[in-house]
Structure formats: structure tokens, C-alpha cells
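The values are calculated or read from the model by the stated rules, or taken from the named source; none is laboratory data. Predicted model, so just to flag it, every value in this text is computed and none were measured. All Cβ positions, even for glycine, are placed from backbone atoms using ideal geometry, and neighbour counts span all protein chains on display. In case anyone asks, the SASA skips ligands and DNA or RNA and just uses the protein heavy atoms, side chains included. Shrake-Rupley method; radii C 1.70, N 1.55, O 1.52, S 1.80 Å.
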There are 2 protein chains.
Amino acid sequence: MAGRNKIYNEEEALDKAIGVFWEKGYENASSRDLQKAMGIGMGSFYLAYKGGKQELFIKSMDRFFSVYPTHALSMLKTIENPVEVIRQYYYVMADPNGQFRQFGCYFSNAIIQIADPDLKNTAIGHVVTVANAFSAALLRAKEAGIIQPTIPQEMWNIYLLNLWTGLNTAKFIEKDVSKMKAVIDFSLRVFE
Amino acid sequence: MAGRNKIYNEEEALDKAIGVFWEKGYENASSRDLQKAMGIGMGSFYLAYKGGKQELFIKSMDRFFSVYPTHALSMLKTIENPVEVIRQYYYVMADPNGQFRQFGCYFSNAIIQIADPDLKNTAIGHVVTVANAFSAALLRAKEAGIIQPTIPQEMWNIYLLNLWTGLNTAKFIEKDVSKMKAVIDFSLRVFE
DNA sequence: TCTAAATTGTATCAATTGATACAATTTAGA
DNA sequence: TCTAAATTGTATCAATTGATACAATTTAGA
């Protein structure tokens, strides 16, 4: 494969793009905003992402997924009680000073902000994957007798997703983190 | 007050603007989109809304608030059990074929879609007002012995808001209305 | 009937948008 | 060393954006 080498690092550039999308939202992030942050020009941009902004956003979601939830998902395997892992995950999401700051959940935001079915479904796919992992861990814990959920099993996924995406909006309404945490604790009791 | 009369009806025009904002989202609704739907031209638009799109959106939220939640809020006074009113309100929100269709909650969407603090706070103000009315009715019902909530009273508001805004996103993930309704029922049990 | 105020519609602006064309540059491998 | 392929950067495009200017029109009240 002859030819000039890429002068930029693809993953680093994707991370920069995530920053722009996250802060400004999909629509408000212009291709020039993205190029500037990614440190690449027009030529490289449309060479790497022939589908333009849309393709870049999908790749940024894939990148986000491979970076952020990883820690929680791996903890599910080492920590005995999955409810504690979920709790911490939700705590971070509800905390204005945490990793998600006031930007909110990258995927939940996309579901509400974007009409394009491809982008919306990509975002949905990622949150569902995480929710599935949560549910699977909860099931293992239930069968091991560690937890005694009072919520019917077929509701676990939607209940978790509903709590998750609710927090993403409610954190803007209730600025007191301790109150948000109290609601998370109360809502997760149905699994304990 | 001499001068030409308005050729358009202000409330009807606002309703048309709501339709555009609701379907396209704030950013994607251009001033020309709005003018076309409202049936007015540039001159009238910027005469009536000197603050442009921003001012129009705030007025559209006020209009939305004065039209849509009214029915539920008045039912709180006639129906004995407020939980049933809240349940129906949430049912409608989660139903892709209901009044809110796939557009979602006008205010919840705004909280996620819009960065502008004025617009965001207006949206927050309206959902909080509705949640307050729900909580007040629940308190009356509790004191009357109609319901025996198991959730601490200081959480009522955030819990209701969290459920509400969660449904607004989760309805895109779980398309089966009956499953959404099951989660609503389960989540509202803490008030019964 | 006259007049000043309110409303309307058209023309127009500069800035920004997503996107393409293409020459210049770089580089692996023959 | 040569060559074809890959990458980069600049120039440029038409379309759309929010917004203003202003002449024309309408109308209530003196």
C-alpha cells in the first residue's frame, strides 16, 4: 500500500470529534468545527469519512462505546453485586462534575436530538447492549442468591433503560446531586 | 391604536410553530420553515418576535403549556385517585400513536436539545409546574387515606420527573406500548 | 377626510453550511 | 530511482441561515 501516511491519529481524532459532538450536539457541530478540533483539513475529512458528518458521528458512537462503558462492564465480572456497579454508573451519569458533566449521556442525547434513523438506531443499539449486560449480571446474581429482585424479570431491561435515560434529563432539573443519588438508590431497591 | 390589523391569528400561528419545532427540533426549524407554516412573512415575523426564533420558541412553550397539560391538571381536581390521572398522562406520552406521537414531550426534548439557558430554564419551569401539581394532588390523596405511598415524600417530584423524562427517551427504545405501560404501572406502584 | 401608527411583503445582506475539485505532497514497493 | 497510490490543503461551489431595510398597504381615531 503505497502512498502518503496519515499525519493524524485516527482514534485521537475521533476522541476530539466526540468532544465537539458531545458539547454542541449533532446538529450544532459543523464540519468545520469538527475538522478544527480533529486537526485535519477538508481533504482528509471527506477522504476518511465519505459519508461526511453522519458517518463520522456513527464512528464516534462506536468509539465512545468502546471506551466509556468498558470499565463498568468489566467490573460486572469481578464485583459480586451488580447492583453496586449499576449504582455507580448511574451516579456518574447524574453528577454534573463527573465524567459526563453537563453533556449528558452521549447515546441518550443522540436518541432525542437526532431524527436520522441510522444514527438513532446506532445509539439505541449501544444503550441496549449495556442494559443487556446489566440484566445478565443481575440474573447471575439472582441465581446465586446474592439479590432477590422484586421486579419481574421481563421488565429489567426497560426499567434500567428508563431510569438511565430519565436521569440524563432529570439531572438538569434537579441540580442537587445528593437528591439525584437518593432517587437512584430508591429506584434500584427493586433489584436488591 | 391606529394601524393595520394583524391578518393572522396569533394563537393559530403559535400552534403551527409548535408543530414545526416539535417535529424538527429547535435547531432544525429554520425561520423560513416557521414563517411558511405560520403563514406569515419576514416582516410580520420579526415585528411580532423581535427576539427571532428564540423568542418565538419561548412563546411556543408557554402556549404549549397552556394547552396540553390543562386536561390532566383539571382532572386532578375531579378524579379521586391522582395516580390514575398521572398514569394516563404517562400512557399518552409513551404511546407512539398518541397525542405526543414520536415527537416526544415538547419540554423534555427542549431540555436535551437546547443549550441556551433561557430556553432550557423555561422548559424546566413548565415540567416542574406539572410535577408540582401531581405531587400536591398525591399529598391530598394521601392525607385523605386514598393512597399509601411507600416512597418518601421529598422524592416524589424528582421520581415523577425522572420517570416522565425517562419514558420520553425509552419509548424510542421499546416500541411495544404494552411493555412501556407495564413499566409505568410498576413504577407508579410506590404511590399506591 | 386626513394622518399617524401598525402591519405586510419584497429585496437584500453577510455569514455559515455541507460538499467537491484538484494540484501539491508524500511514500511504499517495483 | 521511478511510479502509482494515498493523503493533504486550498479554492471554490450553491444553498441555507438569521436578520435588516424599507416601500407599500391598511386602519383607527382625530
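More than 16 Å from the chain's Cα centre (by Cα) and within 24 Å of A:Asp116 (Cβ to Cβ), is that true of A:Ala17? Before the answer, list the steps.
Working: more than 16 Å from the chain's Cα centre (by Cα): no; within 24 Å of A:Asp116 (Cβ to Cβ): yes.
Answer is no for this residue.
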- request: Considering only residues that are within 28 Å of B:Ile111 (Cβ to Cβ) and polar (S, T, N, Q), look in region A:69-106 and name the one that is modelled with the highest pLDDT.
  value: A:Gln88
query: How many residues, within region B:52-94, are open to solvent by less than 40 Å² (accessible area, probe 1.4 Å), at negative phi, within 16 Å of DNA strand D (Cβ to nearest atom) and not polar (S, T, N, Q)?
result: 2
statement: Contact list, first residue from region A:1-21 and more than 6 Å from DNA strand D (Cβ to nearest atom), second anywhere and part of a loop (DSSP other than H, G, I, E, B), beta-carbon distance below 6 Å, six or more apart or interchain, is A:Val20/A:Ala29; A:Phe21/A:Ala29
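Only helices (runs of 4 or more DSSP H) wholly contained in region B:1-93 count here; list those with 3 or more residues that are of a type in the set (S, T, N, Q). Before you say what the answer is, go through the steps one by one.
Working: elements: B:10-24, B:31-38, B:42-48, B:52-67, B:70-78.
The helices (runs of 4 or more DSSP H) meeting that bar are B:52-67, B:70-78.
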- prompt: Is it the case that region B:39-50 has a residue that's of a type in the set (D, E, K, R), more than 14 Å from chain A (Cβ to nearest Cβ) and within 14 Å of DNA strand C (Cβ to nearest atom)?
  reply: yes
- prompt: Within region B:1-32, which residues are more than 7 Å from DNA strand C (Cβ to nearest atom), away from chain A (no Cβ under 14 Å) and not basic (Lys, Arg)?
  reply: B:Asn9, B:Glu10, B:Glu11, B:Glu12, B:Ala13, B:Leu14, B:Asp15, B:Ala17, B:Ile18, B:Gly19, B:Ser31
